[in-house]
1. Considering only residues of region B:441-479 that are in contact (Cβ under 8 Å) with a residue 12 or more places away in the chain, of a type outside the set (A, V, I, L, M, F, W, C) and assigned to a helix (DSSP H, G or I), which is nearest to B:His286 (Cα to Cα)?
2. If you check B:Phe99, B:Phe171, which single one turns out to be touching an Asp or Glu at 6+ places or on another chain (Cβ under 7 Å), part of a strand (DSSP E or B) and of a type outside the set (Lys, Arg)?
3. Go through region A:92-106 and give me each residue that's farther than 22 Å from A:Asp167 by Cβ, among the hydrophobic types (A, V, I, L, M, F, W, C) and at the interface with another protein chain (Cβ under 9 Å from one of its Cβ atoms).
4. Taking region B:668-683 as the search range and keeping residues that are surrounded by fewer than 16 Cβ atoms within 10 Å (Cβ to Cβ) and in contact (Cβ under 8 Å) with a residue 24 or more places away in the chain, which one is nearest to B:Ile615 (Cα to Cα)?
5. Given the condition part of a loop (DSSP other than H, G, I, E, B), hydrophobic (A, V, I, L, M, F, W, C), within 30 Å of A:Pro140 (Cβ to Cβ) and within 14 Å of chain A (Cβ to nearest Cβ), answer yes or no: does some residue in region B:1-12 qualify?
6. Out of region B:527-540, which residues are crowded, with 19+ Cβ neighbours inside 10 Å and either modelled with pLDDT under 85 or among the small types (Gly, Ala, Ser) (or both)?
7. From B:Glu687, B:Glu595, B:Glu653, grab the single residue that is touching a residue at least 60 places away in the same chain (Cβ under 8 Å) and under 37 Å from the mean Cα position of the chain (by Cα).
8. Could you list, in sequence order, all residues of region A:57-80 that are touching a residue at least 12 places away in the same chain (Cβ under 8 Å) and within 15 Å of B:Leu299 (Cβ to Cβ)?
Amino acid sequence: MDTILSLSHVSKAYGHGEHRLKVLDDIHFDIHSGDTVAIIGPSGSGKTTLLGLCAGLDRPTEGSIQLNNISLESLDEDRRARVRNEFVGFVFQNFQLLPTLTALENVMVPMELQGLKNIRSHALDLLAKVGLANRKDHYPVQLSGGEQQRVSIARAFSNRPRILFADEPTGNLDAENSELIEKLLFDLNREAGTTLIVVTHNPELAAKTGRIIALKGGKVVSDLATDRQTASI
Amino acid sequence: MIGSSRQSGPSVAWLLSMAWRDSRRNRSRLFLFISSIILGIAALVSVQSLSDSLRSEIERQAAELVGADIVISGNKPLNENIGKLADSLGDRRAAQKSFPSMALFLRSGGARLVQVRALEGDFPFYGQLKTIPASAGRSFRNQQEILVDKGLLLQFDGKVGDSVQLGMTVFRIAGMLESAPGQTGLTSAVAPVIFMPMRYLPGTGLEQFGSRINHSRFIKFDRKTDITSLTERIEDRIEEAGYELTTIERQQEQTSRSFRDVGRFLSLIGFVALLLGCIGVASAIHVYIREKIGTIAILRCLGATSRQAFLIYLFQILAFGGLGSLAGSVLGSALQFYLPVLLKDILPVSVEARISWQAIGSGLGLGLIISILFALAPLLSIRRISPLNTLRMEFQADKGDRLTSLLVYLLMLAFIWGFSWLQIRQVLPSLYFTLAIVVAFLVLAGFARLLMWAVKKFFPGGWPYVWRQGLANLYRPQNQTLVLLMSIGLGTALFCTVLFIQTILLDRVKVSTSGAQPNIVVFDIQETQRDSIVAISKREGLDVSGTVPIVTMRLKSVNRINIDSLRRDSSLPMRPWLFNREYRVTYRDTLVSSERIRKGTWTGVWKDKSQPPGISVEEGLAKRNGIRIGDTLTFDVQGTPMATIVGSLRQVEWNRIQTNFLVLFPAGVLEKAPKFHVLVSRVESPEHSARYQQAVVKAFPNVSIIDLGLVLDVVSALLDKIGFVIRFMALYCMATGIVVLIASVLISKYQRIRESVLLRTIGASRRQILAITAIEYLMLGALAALTGILLAMGGSWILAEQVFDTTFRPDWLPVLGVFAGVCLLTVGIGMTNSRQVVNRPPLEVLRDAS
């Protein structure tokens, strides 16, 4: 399998001098196409920072990150935006839907940003897959938390990403909705062959992935395959 | 299935559609933000539309402003040479003698100084004397009849058919004069006009020695004539002889120029209103973009570039700026129909307002430029919003580079200067205007920061909760202190400055007429009438110590320089009017209390007859014309040349009601010259004045009387009319300030809804929340009003000292009224908006706010 994401001695620090705070320290791992990976760790361990770096939302202080064989650290923000648009999908804890767009429009945005045409039917298909075809014209404020997250998942898959990052995707949901979201996430992932990286506190969700990378104090303290997949340390 | 046509990125159409979609839940708010500029744009469009209408009306009615193709006029009868010239020009001619005189209304007994225009011929050749009845404008010329100004007739309750005495002759009123060529409501108020046939002038006895008569000859060409080349040929001859030549073209230019200046002045005030709105726009867009950080971060996260995100919001601002400008232009175009009514007493021609597409175009363009320019700083910050904000909101836009901010501010300054330069067309004054605006803004911003610092530093920790919370709102994050202080403060400053200037001008006249100061001046007293008038004055209870003799003369030369050498050598410091004007001088052996010698020595009596007499010249006249001590001034005293030496330069307090003179002769020189007299005294009441005027005019109809009480009324009315126009524009600024206030309060409402709801949830009563709001807005309103008033006082003090040369004494009552009004308005608007929050259930509010 080819490597979709490769981190080499990545560190991230904020501030200068006495106020310098190292959030990530010498992170080093590879992730193959189609893998499902959970990044776990206590609050403040650097999970979200790591997700941001992997997804090209930020640049590392040291080290290099290759996403789909593209070195992210050498790209400026706008070029990284194009990379995200072409290869990356996101699911966030607080859904992050555009509040002024309907559910359907939210799903269409990543494709529109690519300049694609005739995308409506694809977006409707995705909404149907997450069970929200009848709510396509609703605004986020008119949807429940679970429904918003389902729209978010449909949006994440709309541009057929090669890798999908999910930040605590069930963190704001009740048990019933969490289960539904997890199922959707893994089913669509399997169907599209997308690599899935989930940041979570939830051990049950982590256990559903093939590999768990544990962080503590900004360092990888363990990187293990679950019973679903062989570890590739 | 995804379509096959893959492009490099989203098209402009998509960016536009995204801008439209993103604005969905914010359109009313966006429009509210932009509404701050509506009034400013409306002001500018209405003023420019009016100027356009006025310009075309002046062009259309220019002939009616003059009444003839050519007018030759002067304050002396046309000499033989010029008279022959005038007679040789044109196909039809008319003549006029115009002078001030007393008019005695016989039925009511009222008397007043008026401007008599004695006509011969068919003037006006263009336009007409509009009268009631309409036929009177022509018929009065054939009878011993007059046309009386409408205002004057109303003042003395006169009517057509009544008798009015002018000099020695009694005339019948043939009609009420509504308008005449070149006559405005303002000139009528200052000097009401009476038209009479010239052939009855000799009988009045008003044309006598000392009378200030302006002689005009009106010429009309019936055949096609090139007036421009004709005037080029004859103007030097006419001007050299001391007369003035007026043509339709010149009058049109002069009138257009005067009113272009008025238009530009009004435009500048409108521009200040627009700038106030711009502060509102900048502040509102800043808050708007701050609220949009989340959305922008999501878009960036999904792959939008910084340029695309920037363009989405730029298109929004452009669209709503365009909408605001359109609304402003429509409002301005509607308002211009009201402006001619407002300005009717000042306008030289009747103006029929019409839509000016040029003004609307300028309004739209200006609105768009200003919307973008003042939204640019917050818009540019979009480029720095990190997609990381999707993960954590603390990753807000970094502070940004100072260079870009500096460039934006410089662009704003350049725009302000550029616009003011377009209005004034002079580099330095437009720079001063820009500087004044910047200083006013800095002072207001400084006060706002001082307030925030002081409240924070000296926070009254022991005060009740609502007070502490209300005061804390002034400095905590997302406060509105700066923007409200600037917008309301500047509006108040403008409004109060107009108020103060009006007070300064009125005070100058009031001081002159208050206390025991003289308030009545009798002039044109002939030598033979002097003793009788003094006797009448004493009989009527006036305190009269004597009369002041006046001798008229002209200046022929200074050293050896005369008008001809002045024309040849433009480097000489003298102005032509130094030689062209008529001097009214007096002689006495002592100075009066309004005079003070600044240079040289005053010799009260001419003793050494072997030397020319030493005269005293007013220092301003000397300074402007390079006259120094020891210079020889040769006068033409009614045909007799008289050489004098400048012995001293005098400072004269012109605002004191005394007989003040530019040139003062010592005793022993002019006693035997033909002269007339002026009497200055004091009447105690309007009734006393009327009684006295009646007594004098009945005995000596040629004598003219100026009642300073009446002058004060006229000046007051005049200032009221001009002041009303300026106040109207200042109100524009206030209104803009109020719109900014409403917008700011609404912004803060959105920001504080959650907090108010939280306070209510944990037990705060409606009353407490309203009290917190009231305290916050009272403080803001009070400080904004106070700062505005202080700014106005500073500006007015400088104007009083430097320009009007007087002491600044503000009238506190209206100032207190403005202060209270601004405070009440601010609190009222703040409370009204907060009531909407507190009157609804917390859950409903929270749902709306989300």
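The values are calculated or read from the model by the stated rules, or taken from the named source; none is laboratory data. None of these values were measured; they are calculated from a predicted model. Cβ coordinates were reconstructed from backbone atoms using ideal geometry, including for glycine residues, and neighbour counts include every protein chain displayed.
1. B:Arg449
2. On the way: B:Phe99 fails: touching an Asp or Glu at 6+ places or on another chain (Cβ under 7 Å).
Going through B:Phe99, B:Phe171 in turn, the sole match is B:Phe171.
3. Of the residues in region A:92-106, the ones farther than 22 Å from A:Asp167 by Cβ are A:100, A:102, A:104-105.
Filter once more, keeping what is among the hydrophobic types (A, V, I, L, M, F, W, C): A:104.
Once the filter is applied, which keeps residues that are farther than 22 Å from A:Asp167 by Cβ, among the hydrophobic types (A, V, I, L, M, F, W, C) and at the interface with another protein chain (Cβ under 9 Å from one of its Cβ atoms), region A:92-106 yields nothing.
4. By that ranking, first place goes to B:Gly668.
5. Yes, because at least one residue in region B:1-12 is part of a loop (DSSP other than H, G, I, E, B), hydrophobic (A, V, I, L, M, F, W, C), within 30 Å of A:Pro140 (Cβ to Cβ) and within 14 Å of chain A (Cβ to nearest Cβ).
6. Answer for region B:527-540, where residues must be crowded, with 19+ Cβ neighbours inside 10 Å and either modelled with pLDDT under 85 or among the small types (Gly, Ala, Ser) (or both): just B:Ser537.
7. Numbers: B:Glu687 fails: touching a residue at least 60 places away in the same chain (Cβ under 8 Å); B:Glu653 fails: touching a residue at least 60 places away in the same chain (Cβ under 8 Å).
Criteria check complete, one pass: B:Glu595.
8. A:Leu57, A:Arg80
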